[in-house]
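To start, the structure itself, in structure tokens.
The values are calculated or read from the model by the stated rules, or taken from the named source; none is laboratory data. If you're wondering where the values come from, they're calculated on a predicted model, not measured in any experiment. Note that we place each Cβ from the backbone using ideal geometry, even for glycine, and neighbour counts take in every protein chain shown. Quick note on the areas: whole protein, heavy atoms, side chains included, nothing else; ligands and nucleic acids left out. Shrake-Rupley method; radii C 1.70, N 1.55, O 1.52, S 1.80 Å.
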Amino acid sequence: MSDDLRALFLRHVCQTSAAPLGLEVARAAGATIWDRHGHAYLDLLAGMGVANVGHTHPEVVASVCAQAERHLHVMVYGEFVQAAQVTLAARLTALLPPRLSVVYFTNSGAEAIDGALKTARKHTGRRRFVAFEGGFHGDTWGALSIGGNALYRAPFEPLLPHTTLLPFGDGTALAAIDADTAAVVIEPVQAEGGVRIPPPGYLAALRRRCSETGALLVFDEVVTAFGRTGRLFGFEHSGVVPDLLVLAKALGGWLPLGAFVGSPEIMRTLSHDPPLAHVTTFGGHPLSCAAGLAALDVLVRDDLPARAARLGASLQSRLRTLVGHGGLAEVRGVGMLIGLEFDDAAACARAAQRAFTQRLVLNWTLHRDTVIRLAPPLVLSESEADDAVARLGAALG
């Protein structure tokens, strides 16, 4: 990084870690990021799960440029008919079960979670929320309130009251969901929690319990949607359909965009008593919607979910040959969402640091410091996957 730019970065951009990576990005394409010196870094995080169709895909870039020439922000979302928003909502819901037919666009996943929580409370008239230990749903006040890591909650308490955290994957604990529960929020696979996969039948049991008590089931698929797990949406693996589906990250085709999706009955609660019960100025920005529509078209046309299933299984198999080296204890995952579990936090941090010197972009998960999460672009080539394993092997010594 140039001295002037680095100094300005450190002085004026809020630092969220003691030692930021400091990679000065010059350009990016596919699964590669180049720095200002021309060094190529293989991106195994895809902008934290955003660039599922790869960086700067030409069709997405063209769609963004075309929309920028038509119009940008013209009115608060939900008032004017804007083609980019409407077309993306229609395309998205056509790929979902029939009862998930109404979309509320937001700026981010955390904002979508907050909107889903508000909607659940207003629709049910209940006050209580249930979420799960190890879960992560964002850092706004509401999202943090249902976060499953006490380390990140404690500095900001008191948070929202009437919130209960249950052990993830424990079917017997689901009895705690009761008639005062407005919503139960869960990730089909815990991503920041360390790529934790629920046991078979668990999500189906959760669906039954929510139906019995009248609680809304909310799936946070900010990470798991859009092919990441080898299916278009993560809930497809279980056959369970949520009442509200929360999306973001890859939804916007690299631009900021989130959404929560539900039935007409649930979603119309935001339009009355009072009207404008939930509003957002920039949610559903036409530029983001245009990018999201183009990315979704590429994802479906090129069948990237199926590709993620095949390449993910192959990549996991190759990565398992590294178990026992550098403290690597286990490899697990679903599709192209892969967790590398280490013996301890020190070994995990050491592996991540050494991987960066091998020009691999990755990091340990925020809420489980013994796990490195891999979420590469779904367009990662076979040769790039081989290269990734070789570089990881070198990092593990």
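Report the net charge of residues surrounding Glu330, where surrounding means a beta-carbon distance below 10 angstrom and charges are Lys +1, Arg +1, Asp -1, Glu -1.
So the environment of Glu330 carries a net charge of 0.
Counting only heavy atoms of protein chains, what accessible area per residue, in Å², does the chain have with a probe of 1.4 Å?
Solvent-accessible surface per residue comes out at 42 Å².
Return a whole-number percent for the relative contact order of the chain, with Cα pairs under 8 Å and 6 or more residues apart as the contact set.
Once normalised by length, the contact order is 22 percent.
Stick to the Cα atoms of the range 294-348, pair each with every other, and give me the Kirkwood hydrodynamic radius in Å at one decimal.
For the range 294-348, the Kirkwood estimate is 12.5 Å.
Once you have the Cα-Cα distance between Ala345 and Val13, take 0.36 nm times their residue separation minus that, and quote the gain in nm to one decimal.
Numbers: separation 332, 0.36 × 332 = 119.52 nm, distance 2.77 nm.
This chain segment gains 116.8 nm when fully extended.
If the chain between Ala150 and Val323 were fully stretched, how many nm would it gain, using 0.36 nm times the residue separation less the Cα-Cα distance?
Working it through step by step, the gained length comes to 59.3 nm.
From the protein chains alone at 1.4 Å, what is the descending order of accessible area for Val81, Val76, largest first?
Output order, biggest surface exposure first: Val81, Val76.
What distance in nm separates the simple spin-label points at Ala90 and Ala62, each placed 7 Å from Cα in the Cβ direction?
Using points 7 Å along Cα→Cβ, the separation is 2.1 nm.
Quick one, what does Rg over Rh come out to for the range 221-305 if you take C-alpha atoms and the Kirkwood Rh?
1.02
³J(HN,Hα) across the range 232-248 via Karplus (A = 6.51, B = -1.76, C = 1.60, θ = phi - 60°), whole Hz, x for Gly/Pro?
These are the phi-based 3J(HN,Hα) values: 4, 10, x, 5, 5, 5, 9, x, 8, 10, x, 7, 9, 10, 9, 10, 5 Hz.
Under 8 Å for C-alpha pairs, at least 6 residues apart: give me the relative contact order for the range 177-281, rounded to a whole percent.
21 percent
Carbon and sulfur together cover what percent of the accessible area of the range 260-366 at a 1.4 Å probe radius?
Answer for the range 260-366: carbon and sulfur cover 55 percent of the accessible area.
Subtracting the Cα-Cα distance from 0.36 nm times the residue separation, let me have the gained length for Leu21 to Ser381 in nm, one decimal. Spell out each step's value before the answer.
Numbers: separation 360, 0.36 × 360 = 129.60 nm, distance 2.53 nm.
Gain in length upon complete extension: 127.1 nm.
Could you tell me which of rounded, prolate or oblate describes the range 114-220, using a ≥ b ≥ c as the square roots of the eigenvalues of the alpha-carbon gyration tensor, with rounded for a/c under 1.5 and, failing that, prolate when a/b is larger than b/c and oblate otherwise?
Oblate.
Mean residue ellipticity at 222 nm from the helices of the chain, using -39,500 (n - 2.57) per DSSP H segment of n ≥ 4 over the full residue count, to the nearest 500 deg cm²/dmol?
Only helices count here, giving -10500 deg cm²/dmol.
Quick one: Cα centre-to-centre distance for the range 75-132 and the range 161-228, in angstrom?
18 Å
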